[in-house]
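Visitor: So that we are looking at the same thing, I have put the structure below in structure tokens.
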Amino acid sequence: MPNDLTTRGYPLPHPDNVAREDAQRIRDALSLISDDLEAMTTEPPIATETAVGNVRLATAAEATGGTATDAVPVVKRVMDMITSATSALYTTMVSQTGDAITTAINDLKAGVDPAYDTLVEIAAKLTDMTQINAILDSLAKRLRIDTDAQGLDATQKANGRANLGLGDVATKNVATAAQIRQGNSSVALTADQAWAAAGWVDLGNSGGGTLQIDCNAGSRFRVALTGNVAVSFLNAKDGQSIDVVFVQDATGGRTLSWNSNIRFPNGIAPTVATAANGWALVFTGVYNSNYAQWLGAGWKVT
């Protein structure tokens, strides 16, 4: 007896079969069909990666929520879910990365002037010869100690002296003894020249008549009396002290008289020693400008 079957295993009747036999085959086929239809009305088995079974498609809500374990989403829903998740992830990463990069850049710039906060701007400034020359010019005007010919102009030199607290003394030359005696205000005093200015000035021979001693010439004088003289002082300064030694010449007997503004104790002029070649008189006096008078004293040396 032929045993023909459908692709699903249902038995088929055959012309060569006995009717009674085919009736049973038809009955069996209907029974199998009924079982298959019944199976389609029950819950399908859960789909897994290792088992093949009937599955159902997940709804959009199930796909989004991820709650269905017995259904699968269609490809379109999977693609939409991946696209949405990727977009959200990208947005988050860009935001966080952008904020981190911005913070890092700001930290690197540390609040620098916007005109110099890029490498291009910094490079431009570093190669800007106008700016560099201006800086070099400013540095060149700083006071140097490695040369005595820096080339500063008069105003810059004056500013340097003022900033160093030197005042005008830095521009004054060292005074000579003669300049100290004259009271020259444009020179600076040194100890050696001060002692030189205090030394004795030899006025030579007096001659006869008026003997005018210039106080600008010194403060200690030596005179050889070669005639009778009347002594006076010129260019006296207030408080100036004068010492004068008078020496008789080989003849001796020379006399001294004094200008009216030269005052002596008790109004008595000192006695003059007359011996030839001897000390005639040592005079000491101090000038008082309030009274325009000399307060003097003298003594002879025998």
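The values are calculated or read from the model by the stated rules, or taken from the named source; none is laboratory data. Quantities reported herein were computed from a predicted structural model and do not represent experimental measurements. Heads up, the Cβs are rebuilt from the backbone with ideal geometry, glycines too, and the neighbour counts pull from every protein chain shown. The area values use the complete protein model at the heavy-atom level, side chains included, leaving out ligands, DNA and RNA. Shrake-Rupley method; radii C 1.70, N 1.55, O 1.52, S 1.80 Å.
Visitor: Test ASP137 against the stated conditions and say whether it is part of a loop (DSSP other than H, G, I, E, B), on the phi < 0 side of the Ramachandran plot and either out of contact with any strand residue (DSSP E or B) (no Cβ under 8 Å at 6 or more places or on another chain) or at pLDDT 75 or above (or both).
Guide: On the way: part of a loop (DSSP other than H, G, I, E, B): no; on the phi < 0 side of the Ramachandran plot: yes; either out of contact with any strand residue (DSSP E or B) (no Cβ under 8 Å at 6 or more places or on another chain) or at pLDDT 75 or above (or both): yes.
No; evaluated as a whole, the condition is false for this residue.
Visitor: Identify the residue in segment 26-78 that is modelled with pLDDT of 65 or more, acidic (Asp, Glu) and farther than 30 Å from ASN3 by Cα and, among all such residues, is surrounded by the fewest Cβ atoms within 10 Å (Cβ to Cβ). Outline the logic, then answer.
Guide: Here is the first cut: in segment 26-78, the ones modelled with pLDDT of 65 or more are 26-41, 55-74, 77-78.
Checking the rest, the ones that are also acidic (Asp, Glu) come to 28, 35-36, 38, 62, 70.
Restricting the remaining residues to those that are farther than 30 Å from ASN3 by Cα gives 62, 70.
Working: GLU62: 18, ASP70: 15.
For segment 26-78, the residue satisfying everything is ASP70.
Visitor: Got at least one residue in segment 80-97 being in a loop (DSSP other than H, G, I, E, B), surrounded by 12 or more Cβ atoms within 10 Å (Cβ to Cβ), at pLDDT below 80 and of a type outside the set (Ser, Thr, Tyr)? Walk me through it before giving the result.
Guide: Initially, segment 80-97 is screened for residues in a loop (DSSP other than H, G, I, E, B), giving none.
No: zero hits.
Visitor: Here are the criteria: (1) closer than 24 Å to GLY208 by Cβ; (2) not in a strand (DSSP E or B). Tell me which single one SER257 does not satisfy.
Guide: (2)
Rundown of residues vs (1) charged (D, E, K, R); (2) in a helix (DSSP H, G or I); (3) at pLDDT 80 or above; (4) open to solvent by 90 Å² or more (accessible area, probe 1.4 Å), yes/no style:
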site	(1), (2), (3), (4)
ASN133	no, yes, yes, no
ARG142	yes, no, no, yes
ILE145	no, no, no, yes
ALA149	no, no, no, no
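Visitor: Going through ALA191, ALA217, ALA162, ALA230 one at a time, which residue ends up being at pLDDT 60 or above and touching a helix residue (DSSP H, G or I) at 6+ places or on another chain (Cβ under 9 Å)?
Guide: Values: ALA191 fails: touching a helix residue (DSSP H, G or I) at 6+ places or on another chain (Cβ under 9 Å); ALA162 fails: touching a helix residue (DSSP H, G or I) at 6+ places or on another chain (Cβ under 9 Å); ALA230 fails: touching a helix residue (DSSP H, G or I) at 6+ places or on another chain (Cβ under 9 Å).
Within the list ALA191, ALA217, ALA162, ALA230, the selection yields ALA217.
Visitor: Give me the pairs, please: first residue somewhere in segment 200-222 and within 22 Å of GLY239 (Cα to Cα), second residue anywhere and among the hydroxyl-bearing types (Ser, Thr, Tyr), beta-carbon distance under 6 Å, and either six or more positions apart or on two chains.
Guide: Final answer for the pair search is GLN212/SER232.
Visitor: Hey, another quick one. Please state which one of VAL223, VAL286 is in a strand (DSSP E or B), of a type in the set (Val, Ile, Thr) and surrounded by fewer than 17 Cβ atoms within 10 Å (Cβ to Cβ). Working first, answer last.
Guide: Values: VAL223 fails: surrounded by fewer than 17 Cβ atoms within 10 Å (Cβ to Cβ).
Matching residue, one of VAL223, VAL286: VAL286.
Visitor: Would you pick out the residues in segment 226-242 that are open to solvent by less than 40 Å² (accessible area, probe 1.4 Å) and under 18 Å from THR271 (Cβ atoms)? Give the derivation first.
Guide: Within segment 226-242, the first condition is being open to solvent by less than 40 Å² (accessible area, probe 1.4 Å), and the residues that meet it are 227, 229-233, 236, 240, 242.
The answer is VAL229, ALA230, VAL231.
Visitor: Is it true that some residue in segment 1-21 is modelled with pLDDT of 70 or more, among the basic types (Lys, Arg) and outside any helix (DSSP H, G or I)?
Guide: Looking through segment 1-21, at least one residue is modelled with pLDDT of 70 or more, among the basic types (Lys, Arg) and outside any helix (DSSP H, G or I).
Visitor: Which members of segment 243-283 meet the condition of being open to solvent by 30 Å² or more (accessible area, probe 1.4 Å) and among the polar types (S, T, N, Q)?
Guide: Scanning segment 243-283 gives THR251, THR255, SER257, ASN259, SER260, ASN261, ASN266, THR271, THR274, ASN277.
Visitor: Answer with yes or no whether ALA280 is part of a loop (DSSP other than H, G, I, E, B) and touching a residue at least 40 places away in the same chain (Cβ under 8 Å).
Guide: Working: part of a loop (DSSP other than H, G, I, E, B): no; touching a residue at least 40 places away in the same chain (Cβ under 8 Å): yes.
In short, no.
Visitor: Considering only segment 66-82, I want to know if a residue exists there that is acidic (Asp, Glu) and more than 30 Å from GLY160 (Cα to Cα).
Guide: So in segment 66-82, the residues acidic (Asp, Glu) come out as 70, 80.
When the remaining residues are screened for being more than 30 Å from GLY160 (Cα to Cα), the result is 70, 80.
Yes - at least one qualifying residue is present in segment 66-82.
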